[in-house]
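Q: First, the structure itself, so that you have it in front of you.
The values are calculated or read from the model by the stated rules, or taken from the named source; none is laboratory data. Owing to the predicted nature of the structure, the values given are computational and were not obtained by experimental measurement. Methodologically, a virtual Cβ is constructed for each residue, glycine included, from the backbone with ideal geometry; neighbour enumeration extends over all protein chains shown.
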Amino acid sequence: DPKIIQKPKYLVAVTGSEKILICEQYLGHNAMYWYRQSAKKPLEFMFSYSYQKLMDNQTASSRFQPQSSKKNHLDLQITALKPDDSATYFCASSQAGTGNTGQLYFGEGSKLTVL
Amino acid sequence: TQTVSQSDAHVTVFEGDSVELRCNYSYGGSIYLSWYIQHHGRGLQFLLKYYSGNPVVQGVNGFEAEFSKSDSSFHLRKASVHWSDSAVYFCAVRNSGGSNAKLTFGKGTKLSVKS
């Protein structure tokens, strides 16, 4: 059974619209992350959360907003979508703080195509 | 700032061959180094990591990696590859200081194993 569930697996959106990518993890981790993978930038860190608090944000645009309603959830809301946002978005989790020794667990990704 | 360089974008070998995938990093302090594998259309899976101790670390499926401080390298090796090892391999670095420091990934090396 997958321990990190990402929904939807594929989605198509029109320019200017808004989408939410869902991520739930069942590994008991307290740190969660979003990464983006595209042809231009193979694997790009976006956000990290620890105990539902934002720890690091490497995304320049405020159009990307993570949302953590529960400690095992970290959704990603993307507004005013642009074609350049087309990518596969990966959610990951790990032990928090000093427990994070570089071992992340990844979901299967949500592939977003913006037309 | 930590950086990771994977000099080979694509490596092709035959089944049963040995292979070495190269990774060089730059960072002045203590770091965690790790390798991940990504099969086509899937999320990343952890292979192995190094922080201290024996510079040769063993991972899953017969993979091992060797850390060299003098060369700033953490190359991944396998003595005899199988066709199922065909995938993209990512080297990653995380500094050991601070909580929840993000992983920085290299651009990946695509390994193709021919039968």
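Q: In the set B:7, B:84, B:80, which member is small (Gly, Ala, Ser), part of a loop (DSSP other than H, G, I, E, B) and out of contact with any Gly (no Cβ under 8 Å at 6 or more places or on another chain)?
A: Values: B:84 fails: part of a loop (DSSP other than H, G, I, E, B); B:80 fails: out of contact with any Gly (no Cβ under 8 Å at 6 or more places or on another chain).
Matching residue, one of B:7, B:84, B:80: B:7.
Q: For segment B:91-103: of the residues being assigned to a strand (DSSP E or B) and at the interface with chain A (Cβ under 7 Å from one of its Cβ atoms), which is modelled with the highest pLDDT?
A: Taking segment B:91-103 as the starting set, the residues that turn out to be assigned to a strand (DSSP E or B) are B:91-95.
Of the ones still in play, those that are also at the interface with chain A (Cβ under 7 Å from one of its Cβ atoms) are B:92, B:94.
Numbers: B:92: 92, B:94: 82.
Among those residues, the one meeting the criterion is B:92.
Q: Please go through segment B:14-27 and pick out each residue that is within 14 Å of residue B:68 (Cα to Cα) and surrounded by fewer than 19 Cβ atoms within 10 Å (Cβ to Cβ).
A: B:22, B:24, B:26, B:27 - these are the residues of segment B:14-27 that are within 14 Å of residue B:68 (Cα to Cα) and surrounded by fewer than 19 Cβ atoms within 10 Å (Cβ to Cβ).
Q: Those residues that are among the basic types (Lys, Arg) and farther than 30 Å from residue A:2 by Cα, I need them from segment B:6-63; list them, please.
A: Answer for segment B:6-63, where residues must be among the basic types (Lys, Arg) and farther than 30 Å from residue A:2 by Cα: just B:22.
Q: Which residues, taken from segment A:20-50, are closer than 24 Å to residue A:71 by Cβ and touching a helix residue (DSSP H, G or I) at 6+ places or on another chain (Cβ under 9 Å)? Break it down into steps so the answer makes sense when it comes.
A: First, the residues of segment A:20-50 that are closer than 24 Å to residue A:71 by Cβ: A:20-36, A:45-50.
Residues satisfying the conditions are A:29, A:30, A:31, A:36, A:50.
Each row is one residue, and each column tells you yes or no for (1) farther than 20 Å from residue B:9 by Cα; (2) in contact (Cβ under 8 Å) with a residue 24 or more places away in the chain; (3) not polar (S, T, N, Q).
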| position | (1), (2), (3) |
| --- | --- |
| B:40 | no, yes, yes |
| B:47 | no, yes, yes |
| B:50 | yes, yes, yes |
| B:59 | yes, yes, yes |
| B:63 | no, yes, yes |
| B:68 | yes, no, no |
| B:75 | no, yes, yes |
| B:104 | no, yes, no |
| B:109 | no, yes, no |
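Let's see how each residue does on (1) surrounded by 14 or more Cβ atoms within 10 Å (Cβ to Cβ); (2) more than 10 Å from chain A (Cβ to nearest Cβ); (3) of a type in the set (D, E, K, R); (4) more than 30 Å from residue A:54 (Cα to Cα):
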| position | (1), (2), (3), (4) |
| --- | --- |
| B:36 | yes, no, no, no |
| B:61 | no, yes, no, yes |
| B:80 | no, yes, no, yes |
| B:84 | no, yes, no, yes |
| B:89 | yes, yes, no, no |
